[in-house]
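Below is one structure; the comments refer to it alone.
The values are calculated or read from the model by the stated rules, or taken from the named source; none is laboratory data. Owing to the predicted nature of the structure, the values given are computational and were not obtained by experimental measurement. All Cβ positions, even for glycine, are placed from backbone atoms using ideal geometry, and neighbour counts span all protein chains on display. Heads up: the accessible areas ignore ligands, DNA and RNA and are worked out on the full protein's heavy atoms, side chains in. Shrake-Rupley method; radii C 1.70, N 1.55, O 1.52, S 1.80 Å.
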Amino acid sequence: MKRYLLLFLFFCSVFLTGCGEVMVSENLTLTRANAPKYNEQYITVGFIQTGKESDWRDANTNDFLNTFTKESGFNLIYIDGNSDSDRQRKAMNDLIRQKVDYIILDPIVEDGWEETLERAKENHIPVIISDRQVKADPSLYTCWVGSDFYSEGINAVIWLEEYLEQAGRKDDPLKIVILEGTKGASAAIGRTMGLQKKIQEHPNWQVVAQECGNFTQGEGKTVMEKILAEHDDFDVLISENDNMMFGAMLAMDQNEVSYGVGGKVITISFDALHEAFEKMIEGDLMASIECNPLIASAARKVIQQLEMREPVDEIHYIEESVFSYENAAEYMEERKY
Ligand code: AHR
């Protein structure tokens, strides 16, 4: 019951509306008489993160830590997956043994989750998949909350098409280099598919190199050094996250390859981090396709719905935009990560 009361306190703007009915928001009305009964003080949520591969990931972790607080009625158990899928599975089994109320999983890769999800289901622990997805029967988990990675890939090329059109280079031959994220991760799979789909529409475009940098700045630099040793002539660098792009920029600086506005190489990446905005304003990064790490409140809403025995949508997309060197300054102030 205490837990139930804490939930009420958490929802902002609480108004008593008579007959024991509590108005917690315009869309959600809890009726005390019908509400489920709870014995524990807090809702215990186990959150399994991928690791710390990027600044995006830090923003995502902080969002969960700041959203699932004791003041909001939650006891959050945070687990760092340390970029290791086996460690993530072990963590999930531990959480199941601890009989947590909910599990939120940010899977590193899509494969290998069936067995662990089945165990969670057998133990009646709802699992919310967040950020990346899993290749498993959807009946094994409650829902997925995250970004539309495929559309992000499509949007990156749409930005490039528009830029080339404005620059009068629409029909010119174009050599493209792609830095890919972690193999088997939805963010890499979806973005690569979106990029390929649109790139194929241009017979005058050619992908001259495509290498994996595992979403990290360090590998972005190393992989770019290797690519630069093999390819001295390309027009576009698309990096599947900002951090790999920052690493690649260091490699291009060392090799005296100019990039950005007025440079040789057109630079496009994903995430739209604070540092990416700085680089867009400086003109070094030409576009960053937003991947919004602020997912926690959507996951919390799902848990609130489940607590109230309400139906939950299976897919929840997070809102995202496209930013470029042309509009970055306008949005810089309002950026939260
Ligand atoms: O899954 C989202 C991706 O993972 C972000 O683009 C990347 O920066 C992160 O590490």
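Looking at (1) in contact with a strand residue (DSSP E or B) (Cβ under 9 Å, 6 or more places away or on another chain); (2) surrounded by fewer than 23 Cβ atoms within 10 Å (Cβ to Cβ); (3) in contact (Cβ under 8 Å) with a residue 60 or more places away in the chain, find the lone condition where S130 falls short.
With (1) in contact with a strand residue (DSSP E or B) (Cβ under 9 Å, 6 or more places away or on another chain); (2) surrounded by fewer than 23 Cβ atoms within 10 Å (Cβ to Cβ); (3) in contact (Cβ under 8 Å) with a residue 60 or more places away in the chain applied to S130, the lone miss is (2).
If you check G184 against the conditions, is it open to solvent by less than 90 Å² (accessible area, probe 1.4 Å), at positive phi, within 16 Å of the ligand (Cβ to nearest atom) and at pLDDT 95 or above?
So G184 fits the description; yes.
Considering each residue of region 133-166, count those that are without any contact (Cβ under 8 Å) to a residue 24 or more places away in the chain and either open to solvent by 50 Å² or more (accessible area, probe 1.4 Å) or of a type in the set (S, T, Y) (or both), and give that number.
5
Based on what the data block shows, is E219 outside any loop (DSSP other than H, G, I, E, B), away from the ligand (no atom under 16 Å from the Cβ), of a type outside the set (S, T, N, Q) and within 21 Å of the chain's Cα centre (by Cα)?
No.
State all residues of region 253-262 that are under 24 Å from S54 (Cβ atoms) and more than 27 Å from the chain's Cα centre (by Cα); if no residue qualifies, say none.
D253, Q254, N255, V257
Does region 87-109 contain at least one residue that is within 13 Å of the ligand (Cβ to nearest atom) and open to solvent by 70 Å² or more (accessible area, probe 1.4 Å)?
Scanning region 87-109 turns up no residue that is within 13 Å of the ligand (Cβ to nearest atom) and open to solvent by 70 Å² or more (accessible area, probe 1.4 Å).
If only one of L195, L237, L174 is touching a residue at least 60 places away in the same chain (Cβ under 8 Å) and crowded, with 22+ Cβ neighbours inside 10 Å, which one is it?
After applying the criteria, what remains is L237.
Quick check: anything in region 121-131 among the β-branched types (V, I, T), within 24 Å of I315 (Cα to Cα), within 16 Å of the ligand (Cβ to nearest atom) and not assigned by TED's automatic domain parsing to the domain that holds H202?
Our first condition is that a residue be among the β-branched types (V, I, T); within region 121-131, this holds for 125, 127-129.
Checking the rest, the ones that are also within 24 Å of I315 (Cα to Cα) come to 125, 127-129.
When the remaining residues are screened for being within 16 Å of the ligand (Cβ to nearest atom), the result is 128-129.
In the following step, the residues that additionally are not assigned by TED's automatic domain parsing to the domain that holds H202 were identified as 128-129.
Checked region 121-131: at least one residue is among the β-branched types (V, I, T), within 24 Å of I315 (Cα to Cα), within 16 Å of the ligand (Cβ to nearest atom) and not assigned by TED's automatic domain parsing to the domain that holds H202.
Take I176 and tell me if it is within 25 Å of the chain's Cα centre (by Cα), part of a strand (DSSP E or B) and at pLDDT 95 or above.
Working: within 25 Å of the chain's Cα centre (by Cα): yes; part of a strand (DSSP E or B): yes; at pLDDT 95 or above: yes.
Yes; evaluated as a whole, the condition is true for this residue.
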